[in-house]
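Following: one structure in structure tokens, then a few remarks.
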Amino acid sequence: SNMQHLIVFPNNDAGSKNILNEISKAKLNYVSTLSLDEYKSLLCGKMILIGNSSSGVHEAASFNVPVINIGSRQDGRKKPGNVINVDYNNIQITRAILKAQSYKFKNKIINIKNPYGDGKSSKKIIKIIKKLKLNNFNTQKNLTY
């Protein structure tokens, strides 16, 4: 593809050294990591996330980002409607890129709801904790052995 791209290094999983070697040989644009602000800025742009990252399954829906999930690493996780699942197959990946770029798909996911939450959980948790009457609870750990 002649698409503008940025590769973020993989985790230190088995095979990651081989992947890093291939990235450097291909002379692709890459970074070892991104700060949270940098990553959120990218997600807010016009992009497609391609790979097998849990971020594609968990966070990308909150930013209406199309995701092409390659392989089985995320199997068993609930996937929102912005995720297109493909195997390790260049024809499937190419077709998924075209689908993710289409007006029809982008329009489909424009108001997608993230099944993993709305990003406001910390405020909700604080609100609940403030309502608790912790003075009525004994929080001292009791040894029972």
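The values are calculated or read from the model by the stated rules, or taken from the named source; none is laboratory data. Everything numeric here is computed off the predicted structure, so don't read it as measured data. When we count neighbours, we look across all protein chains shown, and the Cβ atoms used for this are built from the backbone with ideal geometry, even at glycine. Quick note on the areas: whole protein, heavy atoms, side chains included, nothing else; ligands and nucleic acids left out. Shrake-Rupley method; radii C 1.70, N 1.55, O 1.52, S 1.80 Å.
Below, the figures for the structure above:
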quantity: Net dipole in debye of region 42-145 [+1 Lys, Arg Cβ; -1 Asp, Glu Cβ; about Cα centre; nearest 20]; calculated: 580 debye
quantity: Inverse of mean 1/r across different Cα pairs in region 1-139, Kirkwood, Å; calculated: 17.2 Å
quantity: Of Ile109, Ile97, Ile126, the one that fluctuates the most in a GNM where the chain has Cα springs shorter than 10 Å; calculated: Ile126
quantity: Extension reserve of the Asn142-Lys130 stretch, reckoned as 0.36 nm per residue once the Cα distance is removed; calculated: 1.8 nm
quantity: Electrostatic dipole magnitude of region 4-81 [Cβ: Lys, Arg +1; Asp, Glu -1; Cα centre; debye, to 20]; calculated: 160 debye
quantity: Listed pairs Lys27/Lys108; Lys46/Lys79; Lys79/Lys104; Lys79/Lys106; Lys78/Lys99 exceeding 27 Å between Cα atoms; calculated: Lys27/Lys108
quantity: Solvent-accessible area of Ser62 with every protein chain in place, 1.4 Å probe, in Å² to the nearest 10; calculated: 60 Å²
quantity: Dipole axis of the chain (+1 Lys, Arg; -1 Asp, Glu on Cβ), positive-most option in Ser53, Asn135, Gly15; calculated: Asn135
quantity: Accessible area of region 83-145 belonging to carbon and sulfur atoms, whole % at 1.4 Å probe; calculated: 55 percent
quantity: Average accessible surface area per residue within the chain, 1.4 Å rolling probe, Å²; calculated: 79 Å²
quantity: Positive dipole terminus of the chain, leading residue within Pro80, Leu42, Ile70 (C-beta point charges); calculated: Pro80
quantity: Sequence-distant lysines (8 or more away, or on other chains) whose Cα lies within less than 17 Å of Lys40; calculated: Lys120
